[in-house]
Amino acid sequence: MWALSDPSLLLTMLLYYHFLCSVSSPLYSSSCQLQGQFHLNGMHKAGDAILGGLFQIHFFSVFPDLSFTSEPQQPTCHGFDVLGFRQAQTMAFAIDEINRNHNLLPNVTLGYSAYDNCNILGFRAALSLSNGQEEQVKLNETCVGIPPVLGIVGDSSSTRCLAISSVLGLYRVPMVSYFATCSCLSDRQKFPSFFRTIPSDAFQVRAVIQILKHFSWTWAGLLISDDDYGLYAARSFQSDLAQSGGGCLAYLEVLPWSKDTAELRRIVKVMKKSAACVVIVFAHESHMIDLMEEVGLEIQHNVTGLQWIASEAWTSATVLQTPDLMPYLGGTLGIAIRRGEIPGLRDFLLQIRPELRLNNSNENNVVRFWEYTFQCRFAPPSPGWLEAGGALCTGQEDLENVDTEFLDISNLRSEYNVYKAVYALAYALDDLLQCESGRGPFSEHSCGSEELTLDEDKIFWNFNTKKPPRSVCSESCPPGTRMARKKGEPVCCFDCIPCSEGKISNDTECTSCPDDFWSSPQRDHCVPKKTEFLSYHEPLGICLTATSLLGTFICAVVLGIFIYHHNTPIVRANNSELSFQLLMSLKLCFLCSLLFIGRPTLWTCQLRHAAFGISFVLCMSCILVKTMVVLAVFQASKPGAGAGLKWFGVLQQRGTVLVLTSLQAAICTAWLVSSSPTPHRNTQYHNDKIIYECVVGSTVGFSLLLGYIGFLALLSFLLAFLVRKLPDNFNEAKHITFSMLIFSAVWVAFVPAYISSPGKYADAVEVFAILASSFGLLVALFGPKCYIIVMRPERNTKKAIMGRGTTKFLNFHINPTMSI
């Protein structure tokens, strides 16, 4: 029953007013960075328009003691109310049904944000729904802020509706209650935006009085709840009973809001002593639960034999229809609200199943319902639950296999009111959206509270300028600045503060630029961020490229010199084949540095380190084999030690180089297959720059690559150091030792420099290390020999390079298969 003769028109007008305010409100920009101070138990669904809901899913709430010495704990809810949960699901069902109806709200998807009022938290939840800033919830794995609702279905309590409507009425937020019956809420002056789909208490008070008159009960007791619902019902009952002359009240007692055992015991004693056999109760089922627990304790005092008359708040409460209470409440007469049928609701309820997704606020109530229905607990269970014989929930239990009032849709009363409330708001919104100008419900049949029109040409301005005066406390802030209130001054007085870096402003607030953009120096528009990488077009990249090509060219020249003079003693004594391989590997080392220059791509990121690792291992392998040959030959100069040279022939040298290089190739292959390097857009080093770089992917793979090169270099150095005191005329071992010292110094210095270099400079450091170590090996190993070949040919003779042990070394390289 509606509170006005034409409530649908008023509801449409209020919804339109709130719709305009909500859309223009900056609260719609709430993000997941805003965290609610209070944690409310709710269920949510996204949509183009959001309807709010307030339902009693728990009977009781407990507030912690306030010590004022620490942050107070959150209130807790207990006593799961299955019917309250079914009411909330009925709202979800109605919205789902409306969304599937193409004739009602076409092209508009309704969503909902419903909270558990926990019997006392309704006002807090209502403010959350109206301002949209209380909580951020997770929908479809995305964290979103719930915007302000266009209307609220609820609350079930008259007291909470009084408090909520007093505030929401100021902002014309429509509120449609499905269970609040207090006649005081019919005052349209005090509660202009309150509606309901249930009759007010004025009607059931008259019905109760008629029941008393029908049975000639002139002496009755009255119990009421300690809230507006009970107090207003008592006032109305006493007034109407006196006017009708139908009887008197034996007593009037107020049931305590909390479970006050002493007060409840006193009330039970009053009932026992009174001669009135009829007890009228205007209270909630939670009050009756506490009262009947005390009545059960007083059975030895003969409190049975009372005729109870129930108000609509607890008439159909299943929790009170138990065998233990039948001796007391059996035969109770009650005023019941209208029953209705909702086709399809049972099938919808059967689809409810806990999904147990983390941080999913919609699952809280479903989990509690599941545990209550199947008397189990989800993991981890409460301490001692399993030890006491409790079961664990799987989430796969079948609702049809359990006897629960949740699926009993034969007596839908409050749920039917919820269903009607949702449709009332939906039809009001539909009327609003389909409103045509000239046929609307507002003045002159418009569709909107009309804008003021001024004919400025007819206004006389009593100023010299003949124009409207300028009257502001502070001028509007220019672009690139934001308003900052002056302390102790009205909101119209403010200072203009420049926006911080990365933010711009064309109005009163600063907003952040998109990820790939940065603020201009004037902070009035966003500009694309600069991109940075080691480019071929910048001086550093040009120098490194030129150096790499120069090293490659020098390697080619040296190779040409060695090929042209391949029959000379110094070339032959220098193990010409390994020297040629070494020069080719050095050329590859120079060329692989070019892969570190230019904008990183997937193939360059994957190829650069593989090419670098294999090239340097090939180089180190040649040097190691050369060192081993030098050591073996000069060890063979000792009497009786020449038999070992058979293990250092040409095939053995080639095989050793191939095996050592293949190990590095295997490391690179495993690295690329498991976790290969990839290009990356780095925005951490500089806020105004995007640095393109290659991430190594697997630190272990990169470490193994470098470690293997270092191992071969260290082994070559140790072997060369052992034979460093060879005859002065043939100082190959000294050259290898010196080259390994240069190589090791470069790469030891590379590690800290690489780690501390940001962006493109890390690539530059690696290129520099490659070039420096390659030049070090080229100069140290081939510089002296090229000098002798080109500048001092008289020293490039067999006699000139002969010395102790050198004859055997030279003969070995002339004929490496000879028997020594």
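The values are calculated or read from the model by the stated rules, or taken from the named source; none is laboratory data. Because the structure is predicted, anything quoted here is derived from the model rather than measured. Here the Cβ is made from the backbone with ideal geometry for all residues, glycine too, and neighbour counts use every protein chain on show.
With SER158, SER166 as the choices, which residue is under 25 Å from ALA88 (Cβ atoms), surrounded by 24 or more Cβ atoms within 10 Å (Cβ to Cβ) and assigned by TED's automatic domain parsing to the domain that holds LEU129?
Result of the check over SER158, SER166: SER158.
Scan the strands (runs of 3 or more DSSP E) fully inside region 122-168 and keep the ones with 2 or more residues being at pLDDT 75 or above, of a type outside the set (Gly, Ala, Ser) and within 20 Å of PHE85 (Cα to Cα).
Those strands (runs of 3 or more DSSP E) span 151-153.
Could you tell me whether region 45-56 includes any residue that is in a loop (DSSP other than H, G, I, E, B), modelled with pLDDT under 65 and over 30 Å from LYS259 (Cβ atoms)?
Checked region 45-56: no residue is in a loop (DSSP other than H, G, I, E, B), modelled with pLDDT under 65 and over 30 Å from LYS259 (Cβ atoms).
Quick one: in region 402-419, which of the residues that are of a type outside the set (Ser, Thr, Tyr) and touching a strand residue (DSSP E or B) at 6+ places or on another chain (Cβ under 7 Å) is farthest from PRO343 (Cα to Cα)?
For region 402-419, the residue satisfying everything is VAL418.
So LEU349 fits all but one of (1) modelled with pLDDT of 85 or more; (2) buried (at least 18 other Cβ atoms within 10 Å of the Cβ); (3) under 24 Å from GLY230 (Cβ atoms); what number is the exception?
Of everything listed in (1) modelled with pLDDT of 85 or more; (2) buried (at least 18 other Cβ atoms within 10 Å of the Cβ); (3) under 24 Å from GLY230 (Cβ atoms), LEU349 misses just condition (3).
Out of (1) under 54 Å from the mean Cα position of the chain (by Cα); (2) outside any strand (DSSP E or B); (3) surrounded by 15 or more Cβ atoms within 10 Å (Cβ to Cβ), what's the single condition that is false for GLN189?
(3)
Search region 770-792 for residues being in contact (Cβ under 8 Å) with a residue 12 or more places away in the chain and more than 60 Å from the chain's Cα centre (by Cα), and hand back the single one that is surrounded by the fewest Cβ atoms within 10 Å (Cβ to Cβ).
Across region 770-792, the extreme among qualifying residues is VAL790.
Only residues that are assigned to a helix (DSSP H, G or I) and touching a strand residue (DSSP E or B) at 6+ places or on another chain (Cβ under 8 Å): list them for region 193-229, please.
Within region 193-229, ASP201, VAL208, ILE211, LEU212, TYR229 qualify.
Kindly provide the set of residues from region 285-305 that are closer than 20 Å to ALA234 by Cβ and modelled with pLDDT under 85, ordered by number.
Residues satisfying the conditions are GLU285, SER286.
Quick one: SER244 ticks every box in (1) buried (at least 20 other Cβ atoms within 10 Å of the Cβ); (2) hydroxyl-bearing (Ser, Thr, Tyr); (3) under 22 Å from ILE211 (Cβ atoms); (4) at pLDDT below 85 except a single one, so which number is it?
The one condition SER244 does not meet is (1).
Of everything in region 473-501 that's within 37 Å of the chain's Cα centre (by Cα) and among the acidic types (Asp, Glu), which residue is farthest from SER520 (Cα to Cα)?
ASP495
Of the conditions (1) at pLDDT 85 or above; (2) within 26 Å of the chain's Cα centre (by Cα), ALA665 satisfies every one except a single condition; which number is it?
(2)
Here's a check for you: in region 209-227, which residue that is buried (at least 19 other Cβ atoms within 10 Å of the Cβ) and not hydrophobic (A, V, I, L, M, F, W, C) is farthest from the chain's Cα centre (by Cα)?
Selected residue: GLY221.
Might you let me know whether region 420-428 holds any residue that is surrounded by 14 or more Cβ atoms within 10 Å (Cβ to Cβ), of a type in the set (D, E, K, R) and within 30 Å of GLU501 (Cα to Cα)?
No.
So TYR692 clears everything in (1) free of Cβ contacts under 8 Å to residues at least 40 places away in the same chain; (2) within 28 Å of the chain's Cα centre (by Cα) except one condition, right? Which one?
(1)
Which condition number in (1) part of a helix (DSSP H, G or I); (2) closer than 18 Å to ALA220 by Cβ; (3) aliphatic (A, V, I, L, M); (4) touching a residue at least 40 places away in the same chain (Cβ under 8 Å) is the one that MET288 fails?
For MET288, the failing item is (4).
Among the candidates SER756, SER716, single out the residue that is modelled with pLDDT under 85 and surrounded by fewer than 19 Cβ atoms within 10 Å (Cβ to Cβ).
SER756
Quick grid of which residues meet (1) polar (S, T, N, Q); (2) surrounded by 15 or more Cβ atoms within 10 Å (Cβ to Cβ); (3) assigned to a helix (DSSP H, G or I):
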site	(1), (2), (3)
ASP65	no, no, no
PHE68	no, no, no
GLN74	yes, no, no
HIS78	no, no, no
PHE85	no, yes, yes
ALA92	no, yes, yes
ASN103	yes, no, no
ASN107	yes, no, no
GLY111	no, yes, no
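Yes or no, residue by residue, for (1) in the same structural domain as TYR171 (by TED's automatic domain parsing); (2) more than 35 Å from the chain's Cα centre (by Cα); (3) farther than 16 Å from ASN687 by Cα; (4) of a type in the set (Val, Ile, Thr):
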{"site": "HIS445", "(1), (2), (3), (4)": "no, yes, yes, no"}
{"site": "GLU456", "(1), (2), (3), (4)": "no, yes, yes, no"}
{"site": "PRO468", "(1), (2), (3), (4)": "no, yes, yes, no"}
{"site": "ILE504", "(1), (2), (3), (4)": "no, no, no, yes"}
{"site": "GLU509", "(1), (2), (3), (4)": "no, no, yes, no"}
{"site": "SER520", "(1), (2), (3), (4)": "no, no, no, no"}
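Among all residue pairs at least 6 apart or on different chains, which show Cβ distances below 6 Å where the first residue, located in region 602-622, is farther than 22 Å from SER716 by Cα and the second is among the hydroxyl-bearing types (Ser, Thr, Tyr) and at pLDDT 85 or above?
Partner pairs satisfying both residue conditions: CYS605/THR678.
Which members of region 664-699 meet the condition of being in a helix (DSSP H, G or I) and surrounded by 14 or more Cβ atoms within 10 Å (Cβ to Cβ)?
Within region 664-699, GLN664, ALA665, ILE667, CYS668, ALA670, TRP671, LEU672, SER675 qualify.
Can you name every residue in region 321-335 that is out of contact with any strand residue (DSSP E or B) (no Cβ under 9 Å at 6 or more places or on another chain) and either aliphatic (A, V, I, L, M) or part of a helix (DSSP H, G or I) (or both)?
Hits for region 321-335 are LEU325, MET326, PRO327.
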